[in-house]
Amino acid sequence: MGDSIIEVNDVSMMFRLYREHVDSMKEFVIKKIKHQIAYEEFWALNHINFQVKRGEAIGLVGKNGSGKSTLLKIIAGVLKPTTGSVKIGGTVAPMIELGAGFDTELTAKENVFLNGAILGYPKEMLEENMDKIIEFSELGRFMDVPIKNFSSGMFARLGFAVATIYTPDILIVDEILSVGDWKFQEKCQDRIQDMLDHGTTLLFVSHSIDQVKEVCDRAILLNQGQMLMDDSVENVWERYNQM
Amino acid sequence: MSTYIHNFLAYKELLKELIVRDVKIKYRRSVLGMLWSVLNPLGMMIIMSIVFSHVFRQNIENFPVYLMCGQVVFNFYNEASSMAMSSILGNASLIRKVYVPKYLFPTSKVCSSFVNLLTSFIALTIVVVATGTPVSWTLLLFFMPVLYLFLFSLGMGILLSALVVTFRDLQHLYGIFLTGLMYLTPIFYPVEILPGWVQTIVNLNPLTNIAQMLRQVVMYGTVPDLMIHVRCIVPCVIAMIVGLWVFYKQQDAFILKV
């Protein structure tokens, strides 16, 4: 693998667009008999190739529907590419959505353990760092309350605090910094910067040029599933604005 | 293979957390908590004993224990397989966002039902003591039917959880199937009262053999013979192999369908 920590080799992703969604046995049998299971192919990503070196911070830029999230999901291992392959050389902390897997019936503290386990963190580490999580999320008084009554900001704070308690080799961030107030956003950005200083590799999706400029060394421009550019943030941004 | 084992070990903490979550949510904020799991089968047993002991009185000795053994087996299968079935659909939001080995979801549901099974064994013990059933050392063999029951339910749960993603109406069909299965399991009647061809069907039902084996060790004090072991092991192995195979083939498509 050389010194690259992420290798995306000729990745393409095809989705089937069913005109009618067949999801019951009855429909399946009827449609199969009539030969009516029709779908269109939709290629969300076409032959994407790039490499990321250890410690780099890459911004993924593109309009809505350009395939950014699909690409992040493939790298995070959530989706399997139709063709091509992705090689990952380390632990991945996916922050595609904060607090994925929170159970609203459980208390904040119980959710820390549940969510931590989902992200693959050992329990002892979560226990040791509980104080840090409480401090970062500013939820001191609410840790023993079921989170069903939490606001979306509280959700995001808790989710971010759990996900970033540990410094992963690769951090994947998908537009999550748009939640919370500016103070919390700043705090998140500081935490990400701190991780970068400790050698974490970052994949970052954001629609804010300022955020991308501030944290990323390089940017990749996607449009309708094609990779248009892999260049410095300034150059990519110029091209993006002309689109 | 070793990568699978390594992967499982890495996520065993998550399996534990998922089981703890289910058990906690089930018993949280109910005053009697865990006691419900004991009282529920006891109450059912009392009602069914009163109703059915008049119908089948001549045929079954020690009806409460007979009934309870059948009930414990069927209720576990019922709960575990139904909960496992909806586990992939129920965790759709998680599956779309984070990589997690997906077999953990049906497995955790079967395991948390297993916790409930252990509490209903407390109820069974109470009934055994209360009815003065003579207990023999064979009671120590109770782990054998329990193990078969667990494996069979796990295999079926994994199979159903994968199939229901593609065929949503399976959920409704399975409800009907379970009702049928209940009557084809000798829970409150002796197999001998059935006409020959129905007996054949009932004896092919894996739950029949598991329940009979449980009765042998708990109330009859006999050591299960080789034949009944074979009748239990074969369906377990088939359910596990078919379940895992279908699940393995389907799992990458879950995210596109849930």
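The values are calculated or read from the model by the stated rules, or taken from the named source; none is laboratory data. As the structure is a computational prediction, the values presented were derived from the model and not from experiment. Methodologically, a virtual Cβ is constructed for each residue, glycine included, from the backbone with ideal geometry; neighbour enumeration extends over all protein chains shown.
Which of the helices (runs of 4 or more DSSP H) found entirely inside region B:1-71 contain at least 1 residues meeting this: crowded, with 19+ Cβ neighbours inside 10 Å, within 23 Å of the chain's Cα centre (by Cα) and in contact (Cβ under 8 Å) with a residue 24 or more places away in the chain?
B:12-27, B:35-53
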Exactly one of A:Thr107, A:Thr83 is closer than 23 Å to B:Lys16 by Cα, surrounded by fewer than 22 Cβ atoms within 10 Å (Cβ to Cβ), in contact with a strand residue (DSSP E or B) (Cβ under 9 Å, 6 or more places away or on another chain) and not hydrophobic (A, V, I, L, M, F, W, C), and that one is A:Thr107
request  = State yes or no: is A:Thr91 in contact (Cβ under 8 Å) with a residue 60 or more places away in the chain, surrounded by fewer than 17 Cβ atoms within 10 Å (Cβ to Cβ), within 11 Å of chain B (Cβ to nearest Cβ) and farther than 25 Å from A:Leu196 by Cα?
outcome  = no
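Here are some residues: B:Ile46, B:Ile5. Which one is of a type in the set (Val, Ile, Thr), more than 14 Å from chain A (Cβ to nearest Cβ) and under 27 Å from A:Tyr121 (Cα atoms)?
B:Ile5
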Among (1) away from chain B (no Cβ under 13 Å); (2) touching a Lys or Arg at 6+ places or on another chain (Cβ under 9 Å); (3) part of a loop (DSSP other than H, G, I, E, B), A:Ile58 falls short only on (3)
When restricted to B:Leu159, B:Leu170, the only residue in contact (Cβ under 8 Å) with a residue 60 or more places away in the chain, within 14 Å of chain A (Cβ to nearest Cβ) and either among the aliphatic types (A, V, I, L, M) or buried (at least 18 other Cβ atoms within 10 Å of the Cβ) (or both) is B:Leu170
Inside region A:136-150, the number of residues satisfying the requirement of being of a type outside the set (Phe, Trp, Tyr), assigned to a helix (DSSP H, G or I) and surrounded by 12 or more Cβ atoms within 10 Å (Cβ to Cβ) is 2
Only one of A:Tyr121, A:Tyr166 is crowded, with 23+ Cβ neighbours inside 10 Å, at pLDDT below 85 and within 30 Å of A:Ile74 (Cβ to Cβ), namely A:Tyr121
Those residues of region B:138-193 which are more than 17 Å from B:Met68 (Cα to Cα), out of contact with any Lys or Arg (no Cβ under 9 Å at 6 or more places or on another chain) and of a type in the set (S, T, N, Q) amount to B:Thr138, B:Ser153, B:Gln171, B:Thr179
Test result for A:Val29, surrounded by 15 or more Cβ atoms within 10 Å (Cβ to Cβ), modelled with pLDDT under 85 and among the aliphatic types (A, V, I, L, M): no
